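Read through the structure below, which is laid out as structure tokens, and then see the notes.
What follows draws every value from the coordinates through simple rules; no lab data is involved. The model shown is predicted, which means the values in this text are computed figures rather than measured ones. FYI the Cβ positions are ideal-geometry reconstructions off the backbone, even for glycines, and counts take in every protein chain you see.
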Amino acid sequence: MTHDHPDHDHHHDNELDPFAARVKALETILVEKGLIDPAAIDAIVDTYEHKVGPRNGARVVAKAWSDPEFAEWLKRDATAAIASLGYMGRQGEHMQAVFNTEDTHNLVVCTLCSCYPWTVLGVPPVWYKAPPYRSQAVINPRGVLAEFGLILPEDTRIRVWDSTAELRYMVVPTRPVETEGLGEDELARLVTRDAMIGTGLPLMPGSREPGAVWPPEAGNGAAS
Amino acid sequence: MNGPHDLGGQMGFGPVAPETNEPVFHADWERRALGVTLATGAFGAWTIDESRHARESLHPAVYYSSSYYEIWIRALETLLERYGFVAADELLAGHKIWPGVTPKRVLHENDVAAVLSRGGPCNRDVSTEPRFKPGDRVRTINEHPEGHTRLPRYARDKTGTIEAVREGFVFPDSNAHGKGENPEHVYTVCFDGRELWGQRADPALTVSIDAWESYLEPA
């Protein structure tokens, strides 16, 4: 249990939650009218809970680190390069990959709603959709990064990409040092979701942090 | 519209508070909210622009006190009522009372994978040549429409540089209101942090937006 309620078993989805009742009512009406197929809802949920998530993006980054031709393709036509690995579709129709360099750090936000590259990162985390991040990322990105424990040198340029149209951005971080011998699978384990939003950096080899472990451990999201 | 959603540069919302090992969903109703939102979107009754406008049209007090899935569901109820799929008395009762409108499409389980992997591309051919090229200096318009727009307030009436000419995309300001796709060229426009936030801004900051052509004038 890693959710923010360490003191008790906190159920948001019991009968007392008014929003659970509201969504249940809506689904019930739509099913009774034959307008939605409950099994289709299950399939959508299963897709974003178990199939489409930041592991996809981590594979894209690891391939870009390992294969200069793929990296060039990713720079030039990210939608096609990413689709070559099988990741395409909803909220990834028009992809742009933005590459960190020694002197520039990229950060992605959607100040107007919650635009996010679902095909490579899955559905966005709560903080990405919430007012504190959306308001501060464009005016005080260093303050935001510090909250994630990321302190950049003062002369590192920060480029913030506000996703105001239908382009969806993923950050390609720079490859960590001392990873020369690693294969794509090992490299992918170093690529965190936050590194691909720009609120983090990749893990160092040998780090005990989980990296882009996804889907979350069984039970992690079931009843928190 | 100058709505509650237009958050860039606002203050007072507190820390970002990232959650360690955040689960994909925090409650079962969030799973259903995602699924119902996507499945009803597949009706083809409204566009993504109209659904965004329904969300940003929530009263600011409601918008700021709602989680994002709550915002989605509140806006979805509005859309379902607007198009006659669901009536207000049904939402109160939690059951079907009226037959309601039949949608163009109902999403079935077998079609989910194909529909999700096809997505909804918004790029369109534009008959005119792009007005701007990379390196051009441009100024964003100073307009405050009551309807939907994707030019955020913090980037209005500001001077920036065209970094990239993108494809033509459906114009949200008209498409959200059923007034046609009217595609326009889209540009990535870079602003120096000090142009947006004044002399105290981080000197190493550049912010870009993606702007439809009619949001821009030559500088």
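If you count, for every residue in B:196-202, the Cβ atoms of partner chains within 10 Å of its Cβ, what is the mean? Write down the numbers at each step before the final one.
Working: counts 2, 3, 0, 0, 0, 2, 8.
The mean count of partner-chain Cβ atoms within 10 Å per residue comes to 2.
For chain B, with a Gaussian network of springs between Cα atoms less than 10 Å apart, report the residue from B:Pro18, B:Pro130, B:Pro121 with the top mean-square fluctuation.
B:Pro18
When you look at the Cβ of every residue in A:121-127, what mean number of other chain Cβ atoms sits within 10 Å?
Working: counts 0, 1, 6, 1, 5, 11, 6.
Mean partner-chain Cβ count within 10 Å for A:121-127: 4.
Can you list the lysines whose alpha carbon sits under 21 Å from that of B:Lys133, skipping same-chain ones fewer than 8 residues off?
Reachable lysines: A:Lys75, B:Lys158.
Taking 2.2 N^0.38 Å as the expected size of a compact globular protein, what ratio does the Cα radius of gyration of chain B give against it, to two decimals?
Values: Rg = 20.1 Å, N = 219, 2.2 N^0.38 = 17.1 Å.
Normalised by 2.2 N^0.38 Å, the Cα Rg of chain B equals 1.18.
Order these peptides, B:160-169, B:21-30, A:109-118, by their mean beta-carbon neighbour count within 10 angstrom, highest first. Don't skip to the answer; put the middle values down first.
Details: B:160-169: 19.6, B:21-30: 21.9, A:109-118: 24.8.
Answer by packing, highest mean first, reads A:109-118, B:21-30, B:160-169.
Highest GNM mean-square fluctuation, chain B, Cα pairs closer than 10 Å: which of B:Thr128, B:Thr159, B:Thr188?
Taking springs between Cα atoms under 10 Å, the residue moving most is B:Thr128.
To make sure I understand, if each residue's beta carbon is the centre and we count other beta carbons within 10 Å, what order do A:His105, B:His108 fall in, fewest to most?
Numbers: A:His105 24, B:His108 15.
Fewest to most other Cβ atoms nearby, the residues stand as B:His108, A:His105.
Among the lysines, which fall within straight-line cross-link reach of B:Lys96, defined as a Cα-Cα distance under 17 Å, with same-chain neighbours fewer than 8 residues apart omitted?
Result set, ordered by chain and number: A:Lys24, A:Lys33.
For B:Glu81 and B:Asn110, calculate 0.36 nm times their separation in residues minus their Cα-Cα distance, and state this gained length in nm to one decimal.
Details: separation 29, 0.36 × 29 = 10.44 nm, distance 2.73 nm.
So the chain would gain 7.7 nm between B:Glu81 and B:Asn110.
Just tell me how shielded B:82-95 is by partners: mean number of partner chain Cβ atoms within 10 Å of each residue's Cβ, no decimals.
Values: counts 0, 0, 0, 4, 6, 1, 0, 0, 7, 4, 1, 3, 9, 4.
Whole-number average of other-chain Cβ neighbours for B:82-95 is 3.
With a 10 Å Cβ neighbour count serving as the proxy for reagent exposure, in which order, fewest first, do B:Lys179, A:Lys63, A:Lys24 appear? Don't skip to the answer; put the middle values down first.
Working: B:Lys179 11, A:Lys63 20, A:Lys24 17.
Taking fewest neighbouring Cβ atoms as first place, the list is B:Lys179, A:Lys24, A:Lys63.
How do B:Tyr83, A:Tyr128, B:Tyr63, B:Tyr187 line up, fewest other C-beta atoms within 10 Å first?
On the way: B:Tyr83 16, A:Tyr128 25, B:Tyr63 20, B:Tyr187 29.
The order, fewest Cβ neighbours first, is B:Tyr83, B:Tyr63, A:Tyr128, B:Tyr187.
Compute the separation of the alpha-carbon centres of the range B:144-162 and the range A:144-162 and state it in Å as a whole number.
That distance is 24 Å.
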